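Encoded as structure tokens, the structure appears first; notes follow it.
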Amino acid sequence: MMPPYPIPPTDLLLMRRALELAALGGPATRPNPQVGCVIADAAGNILAEGWHRRYGGPHAEVEAVTALFARPDAPSSLAGMRVFVTLEPCAHHGKTPPCADLLIRHGATEVVVATLDPNPLVGGRGAARLRAAGCAVTVGLLAEEARWLNRRFFSAQERARPWVVLKWAQSADGFLAAAAAEPPVPANVTSAVGRPTAISGEAARRLVHRWRTEEAAILVGATTARTDNPRLDARYWPGPAPVRMVLTGTRALPPNLHLLAYNEPETLLLDGADLPAALAALHARGLHSVLVEGGARVLNSFLAADFWDEIRVLTNSTLRLHAGVTAPQLPPAARLLRTTRLADDLVAEYRR
């Protein structure tokens, strides 16, 4: 059932804390979701916390229960306590035993869940098992926030495709790159392929590398691979580098490209003419998200096919190119989420 209204402020605080804990797992949990758990007494005092720290490791409920019973004043059971968890406790044997059974075994009498698990192996079974054991289960507290935290996982489970983030950097006058022709061409002329142009500043480049660590894969087109010869790694930010992906055309890529010269991270070459097949290939590998960095043809193909979930645009407010490769147009469904100023760069983040 949904939480009662008005929702007690203490419940909101406890679930928000559980969400904060869940976020600590970060990319280390993928392809599994990020989950946090808080155990409180009847008055709302936090007694123990836990979160899913890494793929294959103990789940959040296990961490919290272990911490609770390690206290010097440890209770004999969970009876009379309130367990707040950001995702429905699992009800199947995966890398670890079912968390629903753990809570039942320790006498849980109340569990508050932010959202049900979309995995068909769970999908309400955890909540049902708890209720059958006499535990009061409430579902839906801060559900939207919990789904957003695990949007990549939910996309993979519910749509069988990765969460798609489109990203581009543009000049103040709306160009991705300077014109290929020399001298500069007139302002009313744009080229399909520009010359490599440094647009973003140092702080923005570091932000982009942080974004790369947050997604399972990164994608560019063959033209960008040939023209820019990018590494597509995350060398300016600590964290895992994404699997690299190039949508190839009819011409073979030069073997000396950075994307082909290094085995780590892995580089996948896929048919650029079939976006659904490319996304399906990522999903089949358990890669639940992809950061699409362009160029213009690839970005526009994702927009035209309506394959996007987030868009992030970095605009250098002082740089004007006057001509070159025109930046994509934001689709009507893009809703501004936040803006951030980093020196000369304005970072705008949109969601569907």
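Remarks
- Among residues of the range 150-175 that are closer than 23 Å to V220 by Cβ, those with a Cβ under 6 angstrom from a residue that is surrounded by 22 or more Cβ atoms within 10 Å (Cβ to Cβ) and of a type in the set (S, T, Y), sequence gap 6+ or separate chain, pair up as R152/S289; P162/S289; W163/S289; Q170/T315.
- Single unsatisfied condition, P33 versus (1) over 15 Å from A146 (Cβ atoms); (2) part of a loop (DSSP other than H, G, I, E, B); (3) in contact (Cβ under 8 Å) with a residue 24 or more places away in the chain: (1)
Residues are listed down the side, and each one gets a yes or a no for (1) of a type in the set (V, I, T); (2) over 27 Å from Q157 (Cβ atoms); (3) modelled with pLDDT of 95 or more:
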| position | (1), (2), (3) |
| --- | --- |
| P6 | no, yes, no |
| L14 | no, no, yes |
| I46 | yes, yes, yes |
| R53 | no, no, yes |
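- Options P118, P97, P89; residue that is free of Cβ contacts under 8 Å to residues at least 24 places away in the same chain and closer than 20 Å to N32 by Cα: P97
- Verdict on A180 being in contact with a strand residue (DSSP E or B) (Cβ under 9 Å, 6 or more places away or on another chain), modelled with pLDDT under 95 and either among the aromatic types (F, W, Y) or assigned to a loop (DSSP other than H, G, I, E, B) (or both): yes
- Among the residues of the range 324-334, not a single one is of a type in the set (V, I, T), out of contact with any helix residue (DSSP H, G or I) (no Cβ under 9 Å at 6 or more places or on another chain) and open to solvent by 50 Å² or more (accessible area, probe 1.4 Å).
- A Cβ distance below 8 Å, combined with a sequence gap of six or more or placement on separate chains, defines the contacts here; from the range 310-338, residues that are without any contact (Cβ under 8 Å) to a residue 60 or more places away in the chain reach residues that are basic (K, R) and open to solvent by less than 90 Å² (accessible area, probe 1.4 Å) in the pairs A334/R351; R335/R351; L337/R351.
- As a summary of the residue check, T227 satisfies the conditions (1) assigned to a loop (DSSP other than H, G, I, E, B); (2) modelled with pLDDT under 95; (3) under 17 Å from Q170 (Cβ atoms) except for the one numbered (1).
- Any pair with Cβ under 6 angstrom, 6 or more apart, that starts in the range 279-303 at a residue that is within 16 Å of V208 (Cβ to Cβ) and ends at one that is open to solvent by 30 Å² or more (accessible area, probe 1.4 Å) and hydroxyl-bearing (S, T, Y): G295/T223
- All of R341, R320 fail the test of being over 15 Å from V220 (Cα atoms), assigned to a loop (DSSP other than H, G, I, E, B) and either in contact with an Asp or Glu (Cβ under 8 Å, 6 or more places away or on another chain) or open to solvent by 20 Å² or more (accessible area, probe 1.4 Å) (or both), apart from R320.
- Any strands (runs of 3 or more DSSP E) falling wholly within the range 240-302 and containing at least 3 residues that are touching a Pro at 6+ places or on another chain (Cβ under 9 Å): 289-294
The values are calculated or read from the model by the stated rules, or taken from the named source; none is laboratory data. Computed from a predicted model, the values in this text were never measured in an experiment. Note: ideal-geometry Cβ built from the backbone for every residue, glycine included; neighbour counts use all protein chains shown. Just so you know, the surface numbers come from the protein's heavy atoms only, side chains and all, with ligands and any DNA or RNA stripped out. Shrake-Rupley method; radii C 1.70, N 1.55, O 1.52, S 1.80 Å.
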